[in-house]
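Any read-out appearing in this document is the output of simple, stated calculations on the displayed coordinates, not a laboratory observation. As the structure is a prediction and not an experimental result, all values here were calculated from the model. Positions of Cβ are generated from backbone atoms using ideal geometry, with glycine treated the same way; all protein chains shown enter the neighbour counts.
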Amino acid sequence: DTAVSQTPKYLVTQMGNDKSIKCEQNLGHDTMYWYKQDSKKFLKIMFSYNNKELIINETVPNRFSPKSPDKAHLNLHINSLELGDSAVYFCASSQEGWGIAKNIQYFGAGTRLSVL
Amino acid sequence: GNSVTQMEGPVTLSEEAFLTINCTYTATGYPSLFWYVQYPGEGLQLLLKATKADDKGSNKGFEATYRKETTSFHLEKGSVQVSDSAVYFCALSEQGGSEKLVFGKGTKLTVNP
């Protein structure tokens, strides 16, 4: 069974459209994340949710809105897509707790978004 | 703020060569340090970790030692294989249990037979 699964794997769309990427984890983790990886492989955190509550919100345009219906899901909705949004988006999760275990993150396989 | 600096890639080696990928960090306090690996077409996987000074993380023949005095966490492997070809990311987590990971820019390794 896939621990962290994202759908779709590939997403090709036109500028100005609205799209969503879904993420689910079956690890029982309390915290989930969205990262953006650009064409140079640079990886930067966008959002983090803990038990459906937003805890990290980096400087991301408000066209990006995460939604967490329950602690096993963290979806990413993007409005009015722009060319610069083209990237690979990774979902990840980690376990609540203290110490090192809390910071071991498990990643999905990524969603490659191409905005034309 | 906290940051991680990795050596620029790409790195190309022949099979059985020795690998070093340099990583230095800037952080307040005592962060935990990680190496993640991303194989082609996949998400990141934890390779190894260290939580305090002088700790050595190891996995799959890779090693890295947490050096507080030089703020470094260099990744090494004595004999690389073609299957080690991937992008390697150094990362730190902030002290105090924050969930935030700060990643370096990644180093692409290609190992030729």
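Structural remarks
- Base-10 log of normalised Debye intensity for region A:9-57 (one unit scatterer per alpha-carbon) at q = 0.20, 0.27, 0.32 Å⁻¹: -0.92, -1.13, -1.17
- For region B:42-58, the Karplus equation 6.51 cos²θ - 1.76 cosθ + 1.60, evaluated at θ = phi - 60°, returns couplings of 10, x, 6, 10, 5, 9, 7, 8, 8, 10, 8, 3, 6, 5, 10, x, 8 Hz by residue, with Gly and Pro reported as x.
- Mean-position separation - Cα centroids, region A:36-50 and region B:24-62, in angstrom: 17 Å
- Summing Cβ point charges (Lys, Arg +1; Asp, Glu -1) relative to the Cα centre of chain A gives a dipole of roughly 260 debye.
- Rounded to the nearest 5, the antiparallel percentage of DSSP beta bridges internal to chain B is 90%.
- Per-residue average of Cβ from other chains inside 10 Å of B:36-46: 5
- Inter-chain neighbour count for A:106-113: the average number of beta-carbon atoms from partner chains within 10 Å of each residue's beta-carbon is 3.
- In terms of distances greater than 30 angstrom between alpha carbons, the cross-link table entries A:Lys67/B:Lys77; A:Lys19/A:Lys52; A:Lys22/B:Lys68; A:Lys40/B:Lys77; A:Lys67/B:Lys60 yield A:Lys67/B:Lys77; A:Lys22/B:Lys68; A:Lys67/B:Lys60.
- Estimated FRET transfer efficiency (A:Phe42, A:Leu83; beta-carbon r; R0 22 Å; 0.05): 0.80
- The label-point distance for B:Ser83 and B:Leu13, in a model that sets each label 7 Å from Cα toward Cβ, rounds to 1.6 nm.
- Simple label model, 7 Å out from Cα along Cβ direction - B:Thr20 to B:Glu63, nm: 1.4 nm
- With the charge dipole of the protein assembly as shown set up from +1 on Lys and Arg Cβ and -1 on Asp and Glu Cβ about the Cα centre, the Cα lying farthest toward the positive end among the listed residues B:Gly29, A:Leu83, A:Ser94 is that of A:Leu83.
- Exposure proxy order (Cβ contacts within 10 Å, fewest to most) of A:Met32, A:Met46, A:Met15: A:Met15, A:Met46, A:Met32
- Under-5 Å amide H pairs with B:Ser85, H placed in peptide plane, nonlocal only: B:Val111
- Kirkwood Rh, Cα atoms: Rg over Rh of region B:49-113: 1.00
- Dipole magnitude of region B:1-85, debye to nearest 20 (Cβ charges: Lys/Arg +1, Asp/Glu -1, about Cα centre): 320 debye
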